[in-house]
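Here the structure comes first, spelled out in structure tokens, and everything after it is commentary.
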Amino acid sequence: MKIADMLECALSKRSLSKTHCQIWKLFADRIGVKYADQVTPEIALAYLQRYYSYGNGKTYNNQKAILNTIFRCCLVEAKLSDSPFRPIINKRVICVDSHRNLTLTEFDKLVEAGTPDVRIMVMLSRWTAQRLETCARITPDMLDWERKVIVVSPGKTQRFNKWVCCPIMPELEVFLNELGVKKLPRSIPIVKNFGYLNNRAFSAKFSRLLDKLKICDTEDGKASFHSLRGTAITWFKEHGIKGEELRQITGH
């Protein structure tokens, strides 16, 4: 089977992310052989070491996992008994950035000083424990006011058709009602109605606001938007949410 045909074969069997497709196309251009059975574990290892040996090991491991997934989808068609990437041992991940929790004072500063899109994203993450990309996709349709829950598909695991269920906490309910969320278009992300451009632009804007408010990194970790997720998880734990319930809320 031609390497150039393997992505289409894999897509016919499972949902793959845009990143999967991009990484595979790079691999097909770079690997230097035409057919799947020509890629030995030695060639696969040399490829990873040549292009992804930099950094703390996360990129290397992620690329290996992506390429291994596509090979595994095509074993029968490519007449392979195993993926050449399967025997490769993951690198030990080092120097991983940790994100510290924010204090209540820091949280209040962000809500007070932020533009409408910042306030919405801060409140959603603080009271749902969701990542940036997940908060940015929450629409009014996902809010179940009778059961007081938000049912949302996290962007990070969307290809697995995975959903999480978060309680609508009283503080968030008051905020959303004051925002007039029930009158907003049902299928458009809430924050998109208030000047939100995209995740990358928002991340840069949020970092600038942290600097302006002197909300800094400490020995406990970085101050970032992801800090809100950690803050929320800690708050849920302190209020008696058990491990299994917390995993259902966070999507872990």
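The values are calculated or read from the model by the stated rules, or taken from the named source; none is laboratory data. All of these numbers come straight from a predicted model, not from anything done at the bench. Ideal geometry is used to build each Cβ from the backbone, glycine not excepted, and the neighbour counts take in all protein chains shown. Remember, those area values only see protein heavy atoms, side chains included, never the ligands or the DNA or RNA. Shrake-Rupley method; radii C 1.70, N 1.55, O 1.52, S 1.80 Å.
Here the range 1-145 is treated as a Stokes sphere of Kirkwood radius computed over C-alpha pairs; at 25 °C and 0.890 mPa s its diffusion coefficient rounds to 133 µm²/s. Of all segments of the chain bounded by chymotrypsin sites (Phe, Trp or Tyr not before Pro) found in a DSSP loop with no more than 16 other C-beta atoms within 10 Å, the longest spans 55-144. Bridgeable lysines around Lys205 (alpha carbons under 24 Å apart, same-chain partners fewer than 8 residues away excluded): Lys109, Lys156, Lys192, Lys214, Lys222. Calculated mean residue ellipticity at 222 nm for the chain: -14000 deg cm²/dmol, from DSSP H runs with n ≥ 4 weighted as -39500 (n - 2.57), summed, divided by the residue count and rounded to 500. Across the range 150-252, C-alpha contacts under 8 Å between residues 6 or more apart give a mean separation that, scaled by the residue count, equals a relative contact order of 28 percent. Extension gain, Leu246-Asp108: 0.36 nm per intervening residue step, less the Cα-Cα distance, totals 47.3 nm. A crude spin-label estimate for the pair Ser15 and Asp141, with each label 7 Å from Cα along the Cβ direction, gives 1.3 nm.
The residues of the chain expose, per residue, 56 Å² of accessible area to a 1.4 Å probe.
Quick one: grab the alpha carbon gyration tensor of the range 196-252, order the square roots of its eigenvalues as a ≥ b ≥ c, and give me rounded if a/c is under 1.5, else prolate or oblate depending on whether a/b is larger than b/c. Here the range 196-252 falls in the oblate category.
Label-to-label distance for Asn177 and Cys216 is 4.1 nm, based on points extended 7 Å past Cα in the beta-carbon direction.
Across the chain, Cα pairs under 8 Å and at least six residues apart give a relative contact order of 21 percent. In terms of distances greater than 24 angstrom between alpha carbons, the cross-link table entries Lys13/Lys64; Lys2/Lys162; Lys25/Lys79 yield Lys2/Lys162.
For Lys25 and Asn56, a Förster radius of 22 Å and the Cβ-Cβ distance give a FRET efficiency of 0.30, rounded to the nearest 0.05.
By the gyration tensor of its Cα atoms, with a ≥ b ≥ c the square roots of the eigenvalues, what is the shape of the range 1-81: rounded for a/c under 1.5, prolate for a/b over b/c, or oblate?
Cα axes put the range 1-81 in the oblate bin.
Here Cα Rg over 2.2 N^0.38 Å was calculated from the structure, and among (i) 0.94; (ii) 1.20; (iii) 1.12 it sits at label (ii).
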